[in-house]
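The values are calculated or read from the model by the stated rules, or taken from the named source; none is laboratory data. Please read all numbers here as calculations on a predicted model, not as lab measurements. Counting neighbours? That spans all protein chains shown, and the Cβs are built from the backbone with ideal geometry, glycine included. Surface accessibility is based on the protein's heavy atoms, side chains included, excluding ligands, DNA and RNA. Shrake-Rupley method; radii C 1.70, N 1.55, O 1.52, S 1.80 Å.
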Amino acid sequence: STMRERKTTDPLHSADPLYSSTDVSEGKEKLRLKQEVGLISSVSLIAGTMIGSGIFMSPEWVLHHMGNPASSLLIWAACGLLAMFGALSYAELGTIIKESGGEYIYILRIFGSFPAFLFAYTSVILVRPAGLAAVCLSFAEYAIAPFYPGCSSPQVVVKCTAAACILILTIINCLNVRLATSVMNIFTAAKLLALLVIVVGGLVLLANGQTQSFQNGFQGTTAGIGTVGVAFYQGLWSYDGWNNLNYVTEELKKPEVTLPRALMIAIPLVTCLYLLVNVSYLAAMTPSELLSSGAVAVTWGDKVLGSWAWLISLSVALSTFGSSNGTFFSGGRVCYIAAREGHMPDILSMAHVRCLTPSPALLFTSAMSLIMIISGNFTSIVNFFSFMAWLFYGMTISGLLYLKIKKPELPRSYKVPIIIPIIVLMAAVYLVLAPIIDQPQIEILYIVLFIFSGIIFYFPLVHFKYHPRFLQRVTLHLQLLLEVAPTTRDAN
């Protein structure tokens, strides 16, 4: 059948608390994805996805909304702390439910099929492709900027470059998991080096007495509830990716050890770098110069590096390419896991018989991202993306609180103090409600309507299992064309 007829009952309430729905039929051995992601690759996946275009683009917007340097630095620190708290909460979930899929699989196992389907539908169709398209468009802007000095790049060239970026990522990720993680490791090292150059440059400027931006640092602070929420959105966009490792839990070596350890290395590292990079920007530029800069990192390079400023444009292009690879790597897994659980067409749950990669899911994610690139720009994507992301983050964290209170007996190798998920849940509620209360926008209504439009597909296709016959033939032909076969989860 095209939509897998599998029970999506909550295994947390069944005899086997974790893996009662594992699909191993009649002793037949099925394909499964390899456990090839070690600690270094895990740290690279988190840090490499987090450090994208945000730190090179968002500082001016955080400063714009907060009104002064000191309060903007506080926002950056608070965003890092919130990302760390969220990641530690997810680490406990990952050691209770050792399955790939991130929020999707946690919502499915705790709250059931319907809310999990709405998450998968929203994430696979809209959120992940839109986020990937935005990062690839950022990559394209920086990659082709040197070819159009003194003027803006033609939009058709930008979009074609972004599309080429997505196609290259598709090939890399479909060929081999190890190749994809090697690309992540290399590009993460390159972007960390670029950020260290900015940090060292800033420290030299501070040592030479360029501290005027930090005098009267809190003067003119903006204190509106919605304004602070939007500033958080801009900062958290730069931290997005802190939860990426939970999407590939089944592919981790020793996930109960690797997951929390990688989080505790990667997120504090990124937070410290972000704070030092922001200090460096403010040492090189006055707040007004920073606000008027179209690309903060490039302006910093012009002021500090002189004739070597082109290195910054190259670094941002490398950084955004590496980040888009991490987003693509994990985003394809959401589609793959949702299909495996019967919430997406069955073809998307299959893996290539030789490469052992979820190639149909990756191709589908690629296609949706290409549509996003063709259809428009990404000026408002940060606020839109953050609203939807924190809506589901809040739901996932409330699921963890439910497990901690109602099912403390479930085995887990790592426990987070209960106050941490409570703080994250409160932050999620604030980030979802604050912009709505302070500055209600019609776009938020459209987002909510899109989420609930999933009901139209859920009841006939999933709940009542209506599967048109012609789709079964399409699935068979695609399976032969793509050389893919069904997989089963790794119940480690």
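For the range 112-123, the criterion of being open to solvent by less than 10 Å² (accessible area, probe 1.4 Å), β-branched (Val, Ile, Thr) and at pLDDT 85 or above is met by at least one residue. Residue-level check: of (1) open to solvent by less than 40 Å² (accessible area, probe 1.4 Å); (2) β-branched (Val, Ile, Thr); (3) at pLDDT 85 or above; (4) touching a Leu at 6+ places or on another chain (Cβ under 8 Å), Val296 misses just (3). Taken over the range 144-185, the criterion of being more than 30 Å from Lys253 (Cα to Cα), open to solvent by less than 30 Å² (accessible area, probe 1.4 Å) and not in a loop (DSSP other than H, G, I, E, B) is satisfied by Ile144, Val158, Ala162, Ala163. The set of residues in the range 369-395 being aliphatic (A, V, I, L, M) and modelled with pLDDT under 90 consists of Ile371, Met372, Ile373, Ile374, Ile381, Val382, Met388, Ala389, Leu391.
The residues on offer are Leu401, Leu425, Leu449, and the sole one that is out of contact with any Leu (no Cβ under 9 Å at 6 or more places or on another chain), aliphatic (A, V, I, L, M) and either assigned to a helix (DSSP H, G or I) or more than 23 Å from Gly229 (Cα to Cα) (or both) is Leu449.
Of the residues making up the range 452-474, just one is among the charged types (D, E, K, R) and not in a helix (DSSP H, G or I), namely Lys465.
In the range 145-159, the residues that are at negative phi reach residues that are among the hydroxyl-bearing types (Ser, Thr, Tyr) and assigned to a loop (DSSP other than H, G, I, E, B) with C-beta atoms within less than 7 angstrom, at least six apart or across chains, in these pairs: Ala145/Ser153. Residues in the range 192-212: is at least one open to solvent by 40 Å² or more (accessible area, probe 1.4 Å) and in contact with a helix residue (DSSP H, G or I) (Cβ under 6 Å, 6 or more places away or on another chain)? Checked against the condition, which is being open to solvent by 40 Å² or more (accessible area, probe 1.4 Å) and in contact with a helix residue (DSSP H, G or I) (Cβ under 6 Å, 6 or more places away or on another chain), the range 192-212 yields at least one hit. Just so you know, in the range 85-111 the residues that are in a loop (DSSP other than H, G, I, E, B) and open to solvent by less than 10 Å² (accessible area, probe 1.4 Å) include one that is nearest to Val37 (Cα to Cα), and it is Ser100.
So which residues in the range 241-270 are open to solvent by 20 Å² or more (accessible area, probe 1.4 Å) and over 22 Å from Leu108 (Cβ atoms), if there are any at all? If the condition is that a residue be open to solvent by 20 Å² or more (accessible area, probe 1.4 Å) and over 22 Å from Leu108 (Cβ atoms), then Lys253, Lys254, Val257, Arg261, Met264, Ile265, Pro268, Leu269 are the ones that fit.
Which one of these is farther than 30 Å from Pro358 by Cα, touching an Asp or Glu at 6+ places or on another chain (Cβ under 9 Å) and surrounded by fewer than 24 Cβ atoms within 10 Å (Cβ to Cβ): Leu290, Leu305, Leu275? Step through it out loud before you land on a result.
Values: Leu305 fails: touching an Asp or Glu at 6+ places or on another chain (Cβ under 9 Å); Leu275 fails: touching an Asp or Glu at 6+ places or on another chain (Cβ under 9 Å).
Exactly one residue qualifies, and that residue is Leu290.
Selection of the range 39-56 for residues being touching a Ser or Thr at 6+ places or on another chain (Cβ under 7 Å) and either surrounded by fewer than 24 Cβ atoms within 10 Å (Cβ to Cβ) or farther than 20 Å from Leu273 by Cα (or both) yields only Leu39.
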